[in-house]
Amino acid sequence: LERQLLMQNQMRERQTAMQIAWTREFLKYFGTFFGLAAVGLSAGAIRKKKPGILLPIVPLSFIFAYQYDMGYGTLLQRIKGEAENILDTQSSLLELPKGPLTYEDLEKIRRSQSKFFIEK
């Protein structure tokens, strides 16, 4: 059981590391897109003298800030802290509908999905 727990923790850590690495890689491409879009929209707003052209920069900046916080900031620590708070103070939110699954529930589901099982 201890080995299984260690293996599950290693898998969770690797998946989290992959998620952070993916976010950092995505941030490189999105940051380039955001920079080019900001320069292009700024140039268009100056050339046409319409400040409304800059409006798309607002949502793009929120996406950029979120991705940066996820890849290099403290977002994961804040998420972890909030998850710990939910576990400690609001555990009733985590209850499954109809309670936890039991072996009997799984067997009923398996039997209902089996084409070859004949109920006696």
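The values are calculated or read from the model by the stated rules, or taken from the named source; none is laboratory data. The structure presented is a predicted model; accordingly, all values stated were derived computationally and were not measured. All Cβ positions, glycine included, derive from the backbone under ideal geometry; neighbour counts span all protein chains shown. Keep in mind that these areas ignore ligands, DNA and RNA; they rest on the heavy atoms of the full protein, side chains included. Shrake-Rupley method; radii C 1.70, N 1.55, O 1.52, S 1.80 Å.
When residues in region 67-120 are screened for being of a type in the set (Gly, Ala, Ser) and open to solvent by 70 Å² or more (accessible area, probe 1.4 Å), 2 of them pass. Given the criteria within 30 Å of Glu25 (Cβ to Cβ) and of a type in the set (Lys, Arg), does Arg111 qualify? In short, no. Ile57 meets the conditions (1) at pLDDT below 95; (2) more than 21 Å from Lys80 (Cβ to Cβ); (3) surrounded by 11 or more Cβ atoms within 10 Å (Cβ to Cβ) in every case but one. The failed one is (1). Please tell me if Ile57 is without any contact (Cβ under 8 Å) to a residue 40 or more places away in the chain and either touching a strand residue (DSSP E or B) at 6+ places or on another chain (Cβ under 7 Å) or farther than 16 Å from Ala38 by Cβ (or both). No: the conditions fail for Ile57. Among the residues here, Tyr29 does not qualify as in contact (Cβ under 8 Å) with a residue 40 or more places away in the chain and open to solvent by 80 Å² or more (accessible area, probe 1.4 Å).
Touching a Leu at 6+ places or on another chain (Cβ under 6 Å), part of a helix (DSSP H, G or I) and either at pLDDT 95 or above or not small (Gly, Ala, Ser) (or both), is that true of Gln67? Yes: the conditions hold for Gln67.
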